[in-house]
Amino acid sequence: MDKKFKYVLLVLIISPLLLSIITFGIGEFPRKAKSKNELTFMTYNIHFGQGEDDLLNLERIAQNILIDDPDIIGLQEVRAGRITSQGIDMAFWLAKRLKMDYYFYNPINNHHEMGNAILSKYPIILRNGYEIPSLLMERVFVHCVVKISSTLTIDIYCTHIGIRTENKAAQVDFLLEKITEITTSSKQVLMGDFNLRIDTLEIGNVLTYFNDTAAEFGADPRASIDYIFAAGYQEITDSHVITDMLPGINSPAEFGSDHLPVVSTIVFS
């Protein structure tokens with residue numbers, strides 16, 4: 001291999017930001033025009049901005065997101081103003097970087113810092129956060145109503161269900177009951193890290209209210225515990241997991257989190 005090429009490759013692997021700029025042009029490639037009722041959603045557990053190389057790099061998270069340039073994003077494991085996050089309000093930073101409206105919720109008594117956020121290219125006209133009954137770590141979900149047009153608003157929910165011995169069934173039941181209580185429309189999207197496989201009873205309960213967009217599209221591969229569910233839509237035109245952040249490179253420096261972004265494109269009537 002040419003020495004000059006080896007040097008360039010080494011520099012690029014060390015600097016994921018530099019590589020993403022060269023590869024993606026800050027993620028600003030022109031994209032195929034969509035109908036205004038066709039929206040791309042992403043759910044992404046950002047692992048507090050810490051990547052597979054254990055480095056905190058929010059610009060890398062932004063670049064991972066811009067690969068698919070989603071209209072509406074649900075983020076989990078988001079921190080704000082903590083020493084461990086270098087004092088950064090991550091939802092605010094990402095919203096400004098991506099030029100999106102946003103809502104972040106993490107109650108003040110949440111010692112485990114498990115906040116969730118929704119980011120949107122469209123105006124958020126209603127926003128609320130709710131605590132989910134938890135045994136180990138405080139869990140929450142956020143609800144936003146997003147105004148797409150004068151005739152289309154969508155209820156968006158983003159959550160993060162517990163792990164290990166937490167009562168996941170009770171958490172999912174609470175989530176679904178609360179959604180039924182607070183929803184403003186038949187058009188709904190529920191996304192997040194459920195810490196549950198597709199064949200579990202708890203996900204089966206979710207599927208009595210929503211459709212799994214990955215299953216509806218026939219996505220392969222599909223995410224194991226991260227989901228985008230939807231109701232009241234017309235069509236699913238795409239669903240996939242972003243598995244390769246930087247084509248041709250295989251390095252932990254590619255990945256902004258220990259999760260991968262999950263994406264679905266949904267048409268609403």
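Just so you know, all these numbers are worked out from the coordinates, no wet-lab data involved. Given the structure is predicted, the values throughout are model-derived calculations rather than measurements. As a convention, Cβ positions derive from the backbone with ideal geometry for all residues, glycine included, and neighbour counts pool all protein chains shown.
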Taking the Cα-to-Cβ direction at LEU55 and at THR200 and moving 7 Å from each Cα, how far apart do the two end points lie in nm?
3.3 nm
For each of TYR227, TYR102, count neighbouring Cβ atoms within 10 Å of the residue's Cβ, then give the residues from fewest to most.
TYR102, TYR227
Please give the charge dipole size of segment 31-267, origin at the Cα centre, charges +1 on K and R Cβ atoms and -1 on D and E Cβ atoms. Round to the nearest 20 debye.
760 debye
For the residues THR43, THR208, what sequence is obtained by ranking on other C-beta atoms within 10 Å, fewest first?
THR208, THR43
Ranked GLU52, GLU77, criterion: other C-beta atoms within 10 Å, fewest first:
GLU52, GLU77
Mean shadow area (nm²) of the C-alpha convex hull around segment 31-267 is 12.4 nm²
Within straight-line cross-link reach of LYS147, aspartates and glutamates at Cα separation under 14 Å, skipping those fewer than 8 residues along the same chain
GLU38, ASP71, ASP101, ASP155
